[in-house]
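Encoded as C-alpha cells, the structure appears first; notes follow it.
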Amino acid sequence: MKTYYLGIDQSTQGTKALLLDRAGRVAFRADRSHRQIINERGWVEHDPEEIWANTLGVVRDVLAKAGADPSEVAGCGLSNQRETTAAFDRFTGKPVYNAIVWQCGRAAEIAERIAAGESFGIGQRPEEDGEAASRAEGGELSNEELIFRTTGLKLSPYFSAAKMAWILQNVPEASEKQKNGSLVLGTMDSFLVHRLSGGKRTATDYSNASRTQLFNLRTLSWDSKVCGLFGILPESLPEVMDSDALYCMSDFEGIFPEPIPVHGVLGDSHAALFGQGCLKPGMTKATYGTGSSIMMNIGSGPVLSDEGVVTSLAWKIGGEVNYVLEGNINYTGAVVTWLKDDVGLISSAGETGQLAEESNPEDRCYLVPAFTGLGAPYWKSDARAAFVNMSRTTGRKELVRAGLDAIALQITDIVRAMNRSAAVPVSELRVDGGPTRNTWLMQRQSDLLSIPVLVPGAEELSGMGAAYAAGIASGFYTREVLFGSSGAGERTEYRPKMPDALRDELYSGWREAVARTF
C-alpha cells in the first residue's frame, strides 16, 4: 500500500517538495532556493536549468528526510509560479533564454505600443467576431478592450504574453525557432512537464493558461487574434489539459524505481485556493508570498470587473470549470525582505510585529511599495515606490509598521474591489503563506477589512493543493477526507477590533499616498 503523495511547489524564491500522508497532512518537507538574476535595470530572471536541478534535488531531499522508500510514493501534483515565462526547444528541452519572472516589467514598452494600437502580429489585427465581445459604440474595440474582454486580464507587462513578445523580438534564436516550429513559449509548469515526461509531452493546465493573457475564457482555447497582437503563433504554445489530468509518468531521472503519475498541475495561487477548500462561489483566499494573489471563487461562469481586478480560470477539475476574480500585488512578503536586506531596518522578519506594536499609533507614515509599478487595482506600471507623509515622529518602528501596513492595505484594496464586483460579498478571508505567522499583521488585516481572517494550521497550501487535486484524481484521496466541512484542518481566527472611524482614516490616507506615486 502506498504511504505518501508528493506535492511540488515551484515558487518565485525556490522549490519545495512535500510528502503528504493519507490524511493530507505534510509529513516531510524539503526546500531549495534558486538565484534571483537581477540586472541594473531591475529586470528579473531565473535559470530554468537551475530550477529543474532543484526540482530533482528537493525530491531526493524529502525522501531522505523521511527515510522513505521511493516506492511508497503514489503520485505527484505540481504547482508553479505563474506568468514567469520560459522559452525552450520542443525537441531538446533546452532553454533559449532565461525565464523572465512575473515581477519583471521589461515588456512595458510592448504593452504600451499594443495599447496605442500597434500589432506585433502575424498579419493585421483581425476584426471582432462577437465571440469575445460586442463592438464598442462608434467603432471597433481597442486592443486593450479586446484583450480584456477575451482573456479577462488587463493589458500589462506582468502577464506572460508581453514577456513572450519581448523574447521573440530580442532573442534571435527564439524567433528563428518559432518560424521552424521548434519553439515552446510557456509558463514554468510546461517546462517542468516537458522535462518530467522525457520530452514526450509539452502541456500546461487551464489555470496557468488563463494567466498568460492569450487564453480565451469563453472558448477555453488559445485565442489566435490576441496571439496575433503579440506576434505569437498558437502552435508555439503548449497543449492545455485539465488541472487534474494525467500529465505524464515520470521516474524523475531515476529517483523512483518505477515511474509515478504526475496527475495534476495548477498555478500556485489556484492550488492554494483548492488547498484552502474554497470550492464554492464567494469563498476567498489570499496567499502571502513574495507578492500576493487574492482570489475569489465565482463559480461556473466568468464575470468581468471594471474595478481593477481581473478574471481567470480557477481550474478545470473533474471535468468542470470554475472561474475566479483575482487581484495580484507585486510586493507583499518582498517588502519585509527589502526592509531587512536592502535598508537594514530589521535583522529578521520576526522582529516586525513587535516593532509595529511599539510604534507611535498617531504617526501616519505610509510605504507604497511600487518598486516595479503597481498591479491591481491600479495597474500603474510607471508608479514608483515612496515613503509618504513622514514627520518628525517617524522613526525605525514607524517605517517598519508602514511596511506591514503596505501589505495589509494592498490586500484591502483588492477585497474592496471584489466586493464591488461580485454578487456575493467576501465574508471571511482564508490566508496562507509565511507572513501569516505574524500575528500583528493578521490582526491588522482583519481590522482593515472588517471581516474575520482565518489562518490554517498548515502553511504550504500551494504544494498541498496541487497534491490534493492530483491525489483525488488518482484515487489516493477523497474530498471528504481532505476538506470535511471546513478544509485545510484547524484554523486560527482573527476578528476585527478597530473602530470604524480609525479604519476609514487609515484607508483614506493610504489612497492619498498611492495617488502620489503615479
Next item on the list: Per DSSP H run of at least 4 residues, take -39500 (n - 2.57); add these up for the chain, divide by its residues and hand me the 222 nm value, nearest 500 deg cm²/dmol.
Entry: -9500 deg cm²/dmol
Next item on the list: Please work out the FRET efficiency for the pair Lys497 and Lys200, using the Cβ-Cβ distance as r and a Förster radius of 56 Å; give the result to the nearest 0.05.
Entry: 0.50
Note to self: How much length would be gained if the chain were fully extended between Glu357 and Asp47, taking 0.36 nm per residue of separation minus their Cα-Cα distance, in nm to one decimal?
What the structure shows: 107.6 nm
Check: For segment 160-294, what proportion of DSSP beta bridges, expressed in % and rounded to the nearest 5, is antiparallel?
Finding: 75 percent
Item checked: Residues of type lysines that Lys65 reaches as a straight line, Cα spacing below 20 Å, ignoring anything fewer than 8 places off in the same chain -> Lys2, Lys16
Notebook entry, point to check: When the accessible area of the chain is split by element with a 1.4 Å probe, what percent falls to carbon and sulfur?
Noted result: 47 percent
Check: What's the percent breakdown of Cα-Cα distances in segment 307-389 across 5 Å bins, shortest bin first?
Finding: 3, 12, 15, 17, 16, 13, 10, 7, 5, 2, 0
Next item on the list: Calculate, for Glu145 and Met1, the FRET efficiency according to 1/(1 + (r/R0)^6) with r their C-beta to C-beta distance and R0 60 Å; round to the nearest 0.05.
Entry: 0.65
Note to self: Roughly how far apart, in whole Å, are the Cα centres of segment 244-317 and segment 1-73?
What the structure shows: 17 Å
Item checked: Whole-number percent relative contact order across the chain, with pairs defined as alpha carbons under 8 Å at least 6 apart -> 15 percent
Checklist line | lysines whose Cα lies under 20 Å from that of Lys285, excluding same-chain neighbours fewer than 8 positions away | finding: Lys316
Next item on the list: Mind checking the full-extension length gain between Gln169 and Arg479? Use 0.36 nm per residue of separation minus the Cα-Cα distance, one decimal, nm.
Entry: 107.0 nm
Notebook entry, point to check: Short version: what are the Cα gyration tensor semi-axes of segment 141-216, square root of 5 times each eigenvalue, largest first, in whole Å?
Noted result: 24, 17, 9
Check: Which loop GluC sites (Glu not before Pro) in segment 33-74, with loop taken from DSSP, have no more than 15 other Cβ atoms within 10 angstrom of their Cβ?
Finding: Glu40
Item checked: Counting DSSP beta bridges with both ends in the chain, the antiparallel % (nearest 5) -> 75 percent
Check: Considering only Tyr494, Leu63, Pro369, whose Cα is most displaced toward the positive end of the charge dipole of the chain, charges sitting on Cβ of Lys, Arg (+1) and Asp, Glu (-1)?
Finding: Tyr494
Margin query: If I model a spin label as a point 7 Å beyond the Cα along the Cα-Cβ vector, how far apart are those points for Asp69 and Gln36 in nm?
Written below: 4.3 nm
Note to self: At a threshold of 8 angstrom on Cα-Cα distance, excluding pairs fewer than six apart, so keeping six or more, what relative contact order does segment 1-125 reach in percent?
What the structure shows: 26 percent
Next item on the list: Please work out the FRET efficiency for the pair Ala349 and Ser300, using the Cβ-Cβ distance as r and a Förster radius of 35 Å; give the result to the nearest 0.05.
Entry: 0.35
Check: Using the heavy atoms of the protein chains alone and a 1.4 angstrom probe, what is the accessible area of the chain per residue in square angstrom?
Finding: 37 Å²
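The values are calculated or read from the model by the stated rules, or taken from the named source; none is laboratory data. Keep in mind that this is a model prediction, so the values were computed, not measured. Neighbour counts run over all protein chains shown; Cβ positions are idealised from the backbone, glycine included. When the accessible area is computed, the model is the full protein with side chains, heavy atoms only, and any ligands, DNA or RNA have been set aside. Shrake-Rupley method; radii C 1.70, N 1.55, O 1.52, S 1.80 Å.
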